[in-house]
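Below you'll find the structure, written out as structure tokens, and then a few comments.
The values are calculated or read from the model by the stated rules, or taken from the named source; none is laboratory data. Owing to the predicted nature of the structure, the values given are computational and were not obtained by experimental measurement. Positions of Cβ are backbone-derived with ideal geometry, glycine not excepted, and every protein chain shown enters the neighbour counts.
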Amino acid sequence: MRVSFDFDGTLTENIVQEYAKELVTKGIDVFIVTGRYNELLRVMNGSKTNEDLFALADEIGIEHKHIVFTNRADKSYTIGGSGLIWHLDDDLNALNDINRYSDVKGVWIGDSDWKERCNELLTEAGL
């Protein structure tokens, strides 16, 4: 089973970090899908480093090979067909795009029941 989290504004929240750790402990493949630039394009575009992202991924237990940089492209194009069950994000525009143009269920962190929704989708998928 695979799930993904946005980084900035989502996985940077303590409650979301704790949930991601729970999922890793359960053996679920946890991914980070971020609009940030990858290391090459980051340097070319003068963006800040991704050290904070890699450090938090290590703390949670997310493998670096499970970090996906979309380089500002729509996440729906990146995660569609990836086998992800859901993607948790704080950006409603990104989530609308994901729900409209991919087979991944987008979940908004702004909903009070986001965690319950994520767990429900995991149960539906067979966890």
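Given the criterion part of a helix (DSSP H, G or I), within 23 Å of Y37 (Cα to Cα) and basic (K, R), identify the matching residue among K65, K115. After applying the criteria, what remains is K65. Scanning segment 80-96 for residues that are closer than 14 Å to S4 by Cβ and either touching a His at 6+ places or on another chain (Cβ under 9 Å) or surrounded by 13 or more Cβ atoms within 10 Å (Cβ to Cβ) (or both) yields G80, S82, L84, I85, W86, H87, L88, D89, D90, D91, A94, L95. Here is the figure for segment 1-15: residues that are of a type in the set (S, T, Y) and touching a helix residue (DSSP H, G or I) at 6+ places or on another chain (Cβ under 7 Å) total 2.
Under the condition of being among the hydroxyl-bearing types (S, T, Y) and modelled with pLDDT of 95 or more, which residue from segment 13-51 is surrounded by the most Cβ atoms within 10 Å (Cβ to Cβ)?
The first filter runs over segment 13-51 and keeps only residues among the hydroxyl-bearing types (S, T, Y), leaving 19, 25, 34, 37, 47, 49.
Remaining after also requiring modelled with pLDDT of 95 or more: 19, 25, 34.
Working: Y19: 21, T25: 9, T34: 25.
Restricting to residues being among the hydroxyl-bearing types (S, T, Y) and modelled with pLDDT of 95 or more, the top hit is T34.
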